[in-house]
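The values are calculated or read from the model by the stated rules, or taken from the named source; none is laboratory data. Keep in mind that this is a model prediction, so the values were computed, not measured. A quick note on method: Cβ atoms are made from the backbone with ideal geometry, for glycine too, and the neighbour counts reach across all protein chains shown. What goes into the accessible areas is simple: the full protein's heavy atoms, side chains included, and nothing from ligands, DNA or RNA. Shrake-Rupley method; radii C 1.70, N 1.55, O 1.52, S 1.80 Å.
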Amino acid sequence: MGGRSTDESKYVFIEATTFPAGGPSVNELEGTADANETSFLVNLAWSFSDNSMTYLQFSDGFRNGGFPARTPAGFTVFQEARYDEEFVDSWELGLKTTALDGKLRANIALFSSEYTDMQINATVFDPALGNNVGTIQNVGDSSIRGLELELNYLVNDNFRLDASIGMLDTELDSISTDNGEFILNNGNNMQKTITKSSGVELPHAPELQANLGANFSFFVGNGGEIRNRLDYFYEAEQYSSIGNYKQGLIPSTSRVNYTVSYIPDSAKWEATLGVRNLTDEEDILNTAIETGPRAGVYHVHGRGREAYVQFKYSFGD
């Protein structure tokens, strides 16, 4: 059991220069965001056999409010652009166990996170400016529930297999506005109204993640060891924004990585050769949709195939 008290203060000052027809003018924008919160963590664990234990954990936390990092020309009502704190209550129920004389290890966890005033990146209409502004907003209350499973199996002294899987289910429980509507990109062809019944998925929350791995070692020479590691990673498709625009859907992705290491017997060094993205996949890591004069869809791509060499040396005993 533990607790933490946080007293946090943010002060923002921006000197914004605009160039109207009559000549340049300067707007001095400032604002403050203060937070004084106490967070708790409680963990109950029970070992019901020599090889198994279960636990239940609760924790809560918060993220302070703030102001948009960028301010468009003509922006004057800075304090009104402040977004509020975000709060989360998290529960986790888990089981850890070993079997087959310690060769098989399994960890499973069910978790739930309930967010209040969740902060999201959004493009919304600012009545003071008469146009859309990219900012952070408190969309409302939401929940994320999921399952995680990890398995490790020692086939023999030289060969080990491991696997993990994660599943997520997200839901927007309520909208923070008075009328229960959250409007994105007001006044252009990307306008979208989000309500509790819209059924939107939270951004960057793939329904499935999976990883498979294998380690194989063998000895050479006078006791030197060569370790091989092969990994496969999969992540399901996910949306890049709360608007769930089809243009902003990040496709599913998969990666294969491989490393081989040489470790001399009784030596203080080891050398590794690795290849990331072995199959040279052209992954999209993130997608951004711009409206207005720079309208378009922009992608952030992952790295292609790359090889590297790593050398480690221990100066200790």
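Checked across the range 249-267, the condition of being of a type in the set (Phe, Trp, Tyr) and either free of Cβ contacts under 8 Å to residues at least 12 places away in the same chain or in contact with a Phe, Trp or Tyr (Cβ under 8 Å, 6 or more places away or on another chain) (or both) holds for no residue. LEU202 meets the conditions (1) outside any loop (DSSP other than H, G, I, E, B); (2) hydrophobic (A, V, I, L, M, F, W, C); (3) open to solvent by less than 40 Å² (accessible area, probe 1.4 Å) in every case but one. The failed one is (1). Can GLU207 be described as open to solvent by 70 Å² or more (accessible area, probe 1.4 Å) and out of contact with any Leu (no Cβ under 8 Å at 6 or more places or on another chain)? No. Selection of the range 156-192 for residues being more than 25 Å from the chain's Cα centre (by Cα), more than 28 Å from GLU290 (Cβ to Cβ) and of a type in the set (S, T, N, Q) yields ASN156, ASN158. Scanning the range 245-277 for residues that are modelled with pLDDT of 95 or more and open to solvent by 70 Å² or more (accessible area, probe 1.4 Å) gives TYR258, LEU273, ARG276. Within the range 293-306, the presence of at least one residue that is exposed (fewer than 14 other Cβ atoms within 10 Å of the Cβ), basic (Lys, Arg), without any contact (Cβ under 8 Å) to a residue 40 or more places away in the chain and more than 28 Å from THR193 (Cα to Cα) is confirmed.
Of all the residues in the range 152-198, those that are over 19 Å from THR116 (Cβ atoms), of a type in the set (D, E, K, R), at pLDDT below 95 and assigned to a strand (DSSP E or B) number 1. Condition check for THR195 on (1) without any contact (Cβ under 8 Å) to a residue 60 or more places away in the chain; (2) closer than 17 Å to GLY243 by Cβ; (3) more than 26 Å from the chain's Cα centre (by Cα): one failure, at (3).
Among residues that are open to solvent by 30 Å² or more (accessible area, probe 1.4 Å), at pLDDT below 95 and hydrophobic (A, V, I, L, M, F, W, C), PHE315 is included. Looking only at residues of the range 37-54 that are out of contact with any Ser or Thr (no Cβ under 8 Å at 6 or more places or on another chain) and open to solvent by 70 Å² or more (accessible area, probe 1.4 Å), we find that the one that is modelled with the highest pLDDT is LEU44.
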